[in-house]
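Trainee: Mind having a look at this structure? Questions to follow.
No value in this document is a laboratory result; all are computed from the given coordinates. Here the structure is a predicted model, which is why all the values come from computation and not from measurement. Please note: Cβ atoms are built from the backbone with ideal geometry, for glycine as well, and neighbour counts cover all protein chains shown.
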Amino acid sequence: MIEVKNVTKKYGKAVAVEDISFSINDGEIVGLLGPNGAGKSTTMNILTGYIEQTSGEVTIEGYNTLKKPKKAKMQIGYMPEGVPLYTDLTVKEFVTYMAELKQVDRKVRKEKVEKVIEQTGLKEVENKLTKNLSRGYKQRVSMAGALVGEPKVLILDEPTVGLDPKQITEIRNLIKELGKTHTVILSSHILSEVSQICNKVIIINKGKIVAIDTPENLENKVSNNNCIYITVEDTEGKIETMKDKIKEIKNIQLLQENEDKTKQYLIEADKDVDLRKKIFSEFAKENIAIFEMKKADTTLEDAFMKLIEGGNK
Amino acid sequence: MWAIIKKEFKSYFSSPVGYVFIGLFLIMFSIFFYTDVFYYQSTNFEYIFYSGATILTFITPILTMRTLAEERKSGTEQLLLTAPISITKIVLGKFISATLIVVITELCTFMYFGILSFFGTPHLTTALITLLGFLLLAMSYISFGLLASSITENQIVAGVITIGFFILTWFLPNFSDIFTNFSLINIFANFPSGQIDIADTVTFVTFTIMCILLAIIVMQRRKSVR
């Protein structure tokens, strides 16, 4: 359980995060979402105790980060942005050092380090210096460092940045797997990632929380009119008249003209009506050939853009 | 704290730093051993440490400039500061491991004591007192080096600040007598005579504690302004 109450962080007069409050229950995977410079890293740094908030309170598993920093930090495994590693240590030495810093009992240390190395798939490189590893492996070493000592909470700052698609899938699966036994907070600006792995999203913009909800709810909340993307060959230029023929159409907007003389339009209709059937038959009558037709889903991306733009206005 | 000491100590020897420090010191020390003692057919082992202190003035930054600055620059500081360990222990750990390197260096200088014993009878107590004074001087130097390393993320800057400060305190007495007791290297100069001066010892110890405390404060303070 993580509770953040009215946390503000100021640098002189500049405000990095302002009066944010949220709580995260055990076993949740939470995505912290926001444009660059929104305050994601600042929020994470405050949670991990790397920086201190100007005002407000953070409790991790019941321990206040300012009053009981040691106890609070014991609960957290942190993977910082940009995966800083000690380059003169081997993978095994690094993970062992992290275990020592986290005061993992000497008797079980070796075994725990082995386990984490196994879990993150680092067995084959355990004796290599971290500086000689590829980015994907470095990311895993950093993850291993966060995991060792069995913290209840995992905080991952941009865990998939700089990875190739295969590695991204691997890391995502690992996070999903870890989510079963840990509370996970991750930051990202890749929306599809968040909607895939998180069961709660916190959207931050300009240091303020814009929304906290499940990805599905966020999508529904901002779902706008019923939109259809359609690509047609309209030699007679009749498409504008279709608005009168099908009453439910509110707007027809030209998106692009393709080289093969087809045009792509966005058709907006009232909510909760599916016009596809009607369009199909009516357009055929008017001799407009439909090449492609697709219902536009509102994605988390749309939700995000809408919320962020709303905040900027 | 043990984890920090162990790791830091190890990294002095997994990188050239430890070897360069000890090697450089011993090379210079050998030269002075010849010019200051051996050449005059003297057995005053402690005399070499006047020059030894000069060497130390210039090579201490090798040990200290990386310690905190590099952690900050590479971001590994985040790993340290988010681990359940206090800043005091982090700074002390780094201080102790750097001091250990100096202790090793001092132990190495005993071979010169051995050489002198072969030709005559150098005074063991005086030698030990000198080594104690030298260690106190080194601790003061290291603690200042740590402080310099804590205020910047550029290790070169940390190194330059460190040497600059040592040279400044070294020559300050030349400008005015008021500064006589500000010069760390002058304070050390009393030890090779074989006396443990309480005032000198207290000066070194308090200077060391002061620098370490300041380094801790700098680190702590950055937590709220970072």
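Trainee: List the aspartates and glutamates whose Cα sits under 20 Å from the Cα of A:Lys10, skipping any in the same chain fewer than 8 residues away.
Mentor: Once the sequence-local aspartates and glutamates are set aside, what remains near A:Lys10 is A:Glu18, A:Asp19, A:Glu52, A:Glu57.
Trainee: Just the Cα atoms of the protein assembly as shown: what Rg and Dmax do they give in Å?
Mentor: 32.7, 119
Trainee: Exceeding 29 Å between C-alpha atoms, which entries from my cross-link table qualify? They are A:Lys5/A:Lys206; A:Lys9/A:Lys68; A:Lys138/A:Lys180; A:Lys70/A:Lys110; A:Lys180/A:Lys306. Kindly include the intermediate steps, with their values, before the conclusion.
Mentor: Working: A:Lys5/A:Lys206 18 Å; A:Lys9/A:Lys68 20 Å; A:Lys138/A:Lys180 24 Å; A:Lys70/A:Lys110 23 Å; A:Lys180/A:Lys306 32 Å.
From A:Lys5/A:Lys206; A:Lys9/A:Lys68; A:Lys138/A:Lys180; A:Lys70/A:Lys110; A:Lys180/A:Lys306, over 29 Å: A:Lys180/A:Lys306.
Trainee: Near A:Lys112, which aspartates and glutamates are there with a Cα under 19 Å away, not counting those fewer than 8 places off in the same chain?
Mentor: A:Glu93, A:Glu100, A:Glu124, A:Glu126, A:Glu150, A:Glu177
Trainee: Once every DSSP H run of n ≥ 4 in the protein assembly as shown is given -39500 (n - 2.57) and the sum is divided by its residues, what mean residue ellipticity at 222 nm do you get, rounded to the nearest 500 deg cm²/dmol?
Mentor: Value at 222 nm, helices only: -16500 deg cm²/dmol.
Trainee: If you count, for each residue, the other Cβ atoms within 10 Å and average over each peptide, how do A:100-109, A:53-62 line up from highest to lowest? Can you show the working numbers first?
Mentor: Numbers: A:100-109: 15.6, A:53-62: 17.9.
Top to bottom by mean Cβ count within 10 Å: A:53-62, A:100-109.
Trainee: Related question: Nearest 5 percent is fine: what portion of the DSSP beta bridges confined to the protein assembly as shown is antiparallel?
Mentor: 70
Trainee: Let me ask you something else. Per the Kirkwood definition applied to all pairs of different Cα atoms, how many angstroms is the hydrodynamic radius of segment A:2-221? Could you put the intermediate results ahead of the total?
Mentor: Working: mean 1/r = 0.0564 Å⁻¹.
Here the Kirkwood hydrodynamic radius works out to 17.7 Å.
Trainee: Moving on. How many Cβ atoms of partner chains, on average, are near each residue of A:84-94 if near means within 10 Å of its Cβ?
Mentor: 4
Trainee: Still on this model: Ranking request for peptides A:256-266, B:166-176: highest mean number of other beta-carbon atoms within 10 Å first, then the rest in descending order.
Mentor: Ranking, from highest mean packing down: B:166-176, A:256-266.
Trainee: Mind checking B:81-91 for the average number of partner chain beta-carbons within 10 Å of each residue's beta-carbon?
Mentor: Per residue, the average neighbour count from other chains is 6.
Trainee: On a C-alpha basis, how far is the centre of segment A:32-49 from the centre of segment A:114-142 in Å? Whole number, if you could?
Mentor: If we compute the Cα centre of each part, the gap is 26 Å.
Trainee: Considering lysine pairs in chain B that are 8 or more places apart or on different chains, how many have Cα atoms under 18 Å apart?
Mentor: For chain B, qualifying lysine pairs total 9.
Trainee: For A:Ile29, list long-range residues whose amide hydrogen, built 1.01 Å from N in the peptide plane, is under 5 Å from its own amide hydrogen.
Mentor: A:Val184, A:Asn199, A:Lys200
Trainee: Divide, for segment B:2-225, the radius of gyration over alpha carbons by 2.2 N^0.38 Å, where N is the residue count. Mind showing how you got there, number by number?
Mentor: Working: Rg = 18.1 Å, N = 224, 2.2 N^0.38 = 17.2 Å.
Normalised Rg, Cα atoms only: 1.05.
Trainee: In percent, what relative contact order does chain A have, based on Cα pairs under 8 Å that are 6 or more apart in sequence?
Mentor: It rounds to 19 percent for chain A.
Trainee: Net charge around A:Asn36, counting only other residues with Cβ within less than 15 Å of its Cβ (Lys, Arg = +1; Asp, Glu = -1)?
Mentor: -1
Trainee: I'd like the distance between the alpha-carbon centres of segment B:161-212 and segment B:50-127, rounded to an integer number of Å.
Mentor: 18
Trainee: Here is a follow-up. Setting aside same-chain residues fewer than 8 positions from A:Lys263, which lysines have a Cα under 17 Å from its Cα?
Mentor: Of all the lysines, those that pass the test against A:Lys263 - Cα under 17 Å, at least 8 places apart if same chain - are A:Lys238, A:Lys243, A:Lys294, A:Lys295.
Trainee: Can I ask one more? Need one word for segment A:149-195: rounded, prolate or oblate. Basis is the Cα gyration tensor (sqrt eigenvalues a ≥ b ≥ c); a/c below 1.5 gives rounded, then a/b vs b/c decides. Provide the component values of the computation, followed by the final result.
Mentor: Numbers: a/c = 1.93, a/b = 1.62, b/c = 1.19.
Prolate, since a/c reaches 1.5 and a/b exceeds b/c.
Trainee: Something else: I need the phi-derived Karplus couplings for segment B:45-62: 6.51 cos²θ - 1.76 cosθ + 1.60, θ = phi - 60°, integer Hz, Gly and Pro marked x.
Mentor: 3, 5, 4, 4, 6, 4, 6, x, 5, 5, 4, 4, 4, 8, 9, 3, x, 4
Trainee: May I ask you to evaluate 6.51 cos²θ - 1.76 cosθ + 1.60, the Karplus curve with θ = phi - 60°, for each residue of segment B:110-124 and list the ³J(HN,Hα) values in order in whole Hz, giving x for glycine and proline?
Mentor: Result, ordered by residue: 5, 5, 6, 4, x, 4, 5, 4, 5, 9, x, 10, x, 7, 5 Hz.
Trainee: Can you compute 3J(HN,Hα) from phi for each residue in segment A:196-211, using the Karplus curve 6.51 cos²θ - 1.76 cosθ + 1.60 with θ = phi - 60°, rounded to whole Hz and x for Gly and Pro?
Mentor: 6, 9, 9, 9, 7, 10, 10, 9, 10, 9, 6, x, 10, 7, 8, 7
Trainee: Right, here's the next one. Where in segment B:117-150 does the label zone of B:Val225 land, with the point 7 angstrom along Cα→C-beta and an amide N cut-off under 14 Å?
Mentor: Under cut-off, by backbone N: B:150.
Trainee: When only Cα pairs under 8 Å and 6 or more residues apart are kept, what is the percent relative contact order across chain B?
Mentor: 27
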